[in-house]
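The values are calculated or read from the model by the stated rules, or taken from the named source; none is laboratory data. Since we're looking at a predicted model, the values are computed, not measured. Positions of Cβ are generated from backbone atoms using ideal geometry, with glycine treated the same way; all protein chains shown enter the neighbour counts.
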Amino acid sequence: MVDTEFALSARGVRMEYRDRSSDVSLVAIERMDLDVADGEFVSLLGPSGCGKSTFLKIVNGLLLSTAGDIRVRSLGKAREDAMVFQDAALFPWFSVLDNVAYGLVCAGVSRAEARSRAMPFIDLVGLSGFEGKYPYQLSGGMQQRANLARALTVDAAILLMDEPFASLDAQTREAMQAELLRIWSAAKKTVIFVTHQIDEAVYLSDRVIVMSARPGRVLADIRVELPRPRSLDVKRTPLFATYEEQISKLIASQHQHLGLGSQRDEA
Amino acid sequence: MATAPAPSGRTGPLGSLRVARLGGANERLLYGLIGFVLFTGIWETAANAGLFRRSLLSSPSLIWNAAVADFSSGAIWPHLSVSLSEFAIGFVVALAIGIPLGLVIGMFRRVDYFVSVLLFGIYATPKAAVAPLIILVAGIGMESKVILVFLLTFFSVVVSTMAGVHAVAERHTEIARSFGASRWLTFRSVVLPSTVPFVLTGIRIATGRALVGVVVAEELAASAGIGFYIEFFGTFLDTARVMLGVVLLGTFGIVLGELVRRIEKRFEVWRPENR
């Protein structure tokens, strides 16, 4: 592959855990190959335990893969990647401003400068006026905005988003999806977005990578050709429904393959 | 941006919350005072009615007279200052050594393994049991009491600080790691703030114990201090002065407890009200 503008390129990434109590080794990711172009929005979609979050942590450097090779290009940005964590990922003892500035402080920027550089991103995610509040004073959706702002502030080439809206109620979740697209087009980032919700993946992404149940591997790589900018109304178009159906069939075939189809439905 | 509510100013919901809490505090004080007045009133009336011997349980008015006499003559001051000094020195030294040590032990797994059995063993042992030994070694002066206060405070502060470090949430250290925080920054921004509530709990427990330590040691063997004062007048059956000593200790305990509570509040502005 001679793609000159890839942001991330993963080859043969494999992850095994050794279970300490039984000494059995568990394969979380069998094999992951993935290329993400600069500026692309890619979702990793799959059931819990398929290793999609694990893959993000490997890219981020929080975990070391058992085998494989990942190359990430910083493309002139200050950092290669930054993580947007799942729920409750703010420090409760810091104000919103200090939470958002935290990534810069980690990079050695002085606190005062980090704070002033964080402010535009607090505005961008729509938290102006809340910078002095503590996380417990914010709603779940607002906490995730701060979480996103922290990752944006460090000026990374790739945003790694680990089911960031999983704990939000359905309405807030939809609003946040639309917000994310607005911010994404304003900030011009490459995004790798982990989710287990089909409609979320289709609505947000340029490409949806469907993963198998554990041990995780790529089942399909689907390009979503819905026009941008996308409003939430796009979810009610026939084309959107076609994508949803295609993906849910893929996932259902997985269940049948594993003999889980009917049992899942009853449970 | 349709979902975010308008930013509230300084007089938003928090302002009204503060007013409500102030009202609650006043109410607490009022009922507390009524309770106190009722208690002393019943005690005084019962003593005057001859329901028990005043020479044994004294009465509020007798205690008040003793207080006026000993405070105006200045006879009680040396005892107060000795006890307070013993407490303060032992306590402050214990915090100054105990908190950093607890942090270090908590941070380094091998140091933890090395000392924790010993530490928890000593922590669990009632230190009053070794008071006679300490007095034998350090004498009947202030030193033995300072040592006892130190021991009582030190171990509970070390143990609770360690527990605090161990309780640091994995998801918080993961954030620090993800953004590449140095060890020192991780310590300052994650470990320390998560540990503070535990340290304060340790301090709160320690104040009560240390106060008991001072009194027990002074009653065992001393030449000054409130414990000595109580013990001394006890042998003369001067129960009013014995009670005066007890009341002073109680007052000190209340003041100290309130102080710790204020510090806790100060450190925990980021905590949601869980009442």
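Restricting attention to the stretch A:57-92, which residues are of a type in the set (Val, Ile, Thr), away from chain B (no Cβ under 11 Å) and assigned to a strand (DSSP E or B)?
A:70, A:72
Of all residues in the stretch A:202-232 being among the hydroxyl-bearing types (Ser, Thr, Tyr) and in a loop (DSSP other than H, G, I, E, B), which is farthest from residue A:192 (Cα to Cα)?
Residue satisfying both the conditions and the ranking: A:231.
When the stretch B:190-210 is examined, which residues are found to be of a type in the set (A, V, I, L, M) and under 8 Å from the mean Cα position of the chain (by Cα)?
If the condition is that a residue be of a type in the set (A, V, I, L, M) and under 8 Å from the mean Cα position of the chain (by Cα), then B:203, B:205, B:206, B:210 are the ones that fit.
Considering only the stretch A:145-179, state which residues are part of a helix (DSSP H, G or I) and away from chain B (no Cβ under 11 Å).
A:146, A:148, A:149, A:152, A:170, A:177
Taking the condition assigned to a helix (DSSP H, G or I), modelled with pLDDT under 95, within 8 Å of chain B (Cβ to nearest Cβ) and more than 30 Å from residue A:30 (Cβ to Cβ), does residue A:126 pass?
Numbers: assigned to a helix (DSSP H, G or I): no; modelled with pLDDT under 95: yes; within 8 Å of chain B (Cβ to nearest Cβ): yes; more than 30 Å from residue A:30 (Cβ to Cβ): yes.
Spelling it out, it is not the case that residue A:126 is assigned to a helix (DSSP H, G or I), modelled with pLDDT under 95, within 8 Å of chain B (Cβ to nearest Cβ) and more than 30 Å from residue A:30 (Cβ to Cβ).
Only residues that are surrounded by 12 or more Cβ atoms within 10 Å (Cβ to Cβ) and either touching a strand residue (DSSP E or B) at 6+ places or on another chain (Cβ under 8 Å) or part of a loop (DSSP other than H, G, I, E, B) (or both): list them for the stretch B:73-115, please.
Listed by number, the residues that qualify are B:75, B:76, B:108.
Looking at the structure I just gave you, is residue A:189 touching a Leu at 6+ places or on another chain (Cβ under 9 Å) and not aliphatic (A, V, I, L, M)?
yes
Kindly evaluate residue B:143 against the criterion of being among the acidic types (Asp, Glu) and over 26 Å from the mean Cα position of the chain (by Cα).
The answer is no for residue B:143.
Does residue A:155 count as surrounded by fewer than 23 Cβ atoms within 10 Å (Cβ to Cβ) and closer than 23 Å to residue A:94 by Cβ?
Taking the combined requirement at face value, the residue satisfies it.
Quickly run through the stretch B:184-233 and pick out the residues that are free of Cβ contacts under 8 Å to residues at least 60 places away in the same chain and in contact with an Asp or Glu (Cβ under 6 Å, 6 or more places away or on another chain).
Answer for the stretch B:184-233, where residues must be free of Cβ contacts under 8 Å to residues at least 60 places away in the same chain and in contact with an Asp or Glu (Cβ under 6 Å, 6 or more places away or on another chain): B:219, B:231.
Considering the stretch A:27-56 alone, what residues qualify as being of a type outside the set (Asp, Glu) and in a loop (DSSP other than H, G, I, E, B)?
Result: A:39, A:46, A:47, A:48, A:49, A:50, A:51.
Could you list, ordered by first residue, the pairs with Cβ atoms under 8 Å in which the first is in the stretch A:201-230 and of a type in the set (Ser, Thr, Tyr) and the second is in a loop (DSSP other than H, G, I, E, B) and buried (at least 17 other Cβ atoms within 10 Å of the Cβ), at least 6 apart or interchain?
Close Cβ pairs (under 8 Å, with a partner that is in a loop (DSSP other than H, G, I, E, B) and buried (at least 17 other Cβ atoms within 10 Å of the Cβ)) amount to A:203/A:230; A:205/A:224; A:212/A:46; A:212/A:50.
Give just the number: which of (1) farther than 30 Å from residue A:154 by Cα; (2) surrounded by fewer than 16 Cβ atoms within 10 Å (Cβ to Cβ) does residue A:235 not satisfy?
Failed condition: (2).
Go through the stretch B:118-140 and give me each residue that's in a helix (DSSP H, G or I), of a type outside the set (A, V, I, L, M) and more than 21 Å from the chain's Cα centre (by Cα).
Passing the criteria: B:121, B:132.
Of all residues in the stretch A:85-109, which are farther than 23 Å from residue B:271 by Cα and touching a strand residue (DSSP E or B) at 6+ places or on another chain (Cβ under 9 Å)?
A:107
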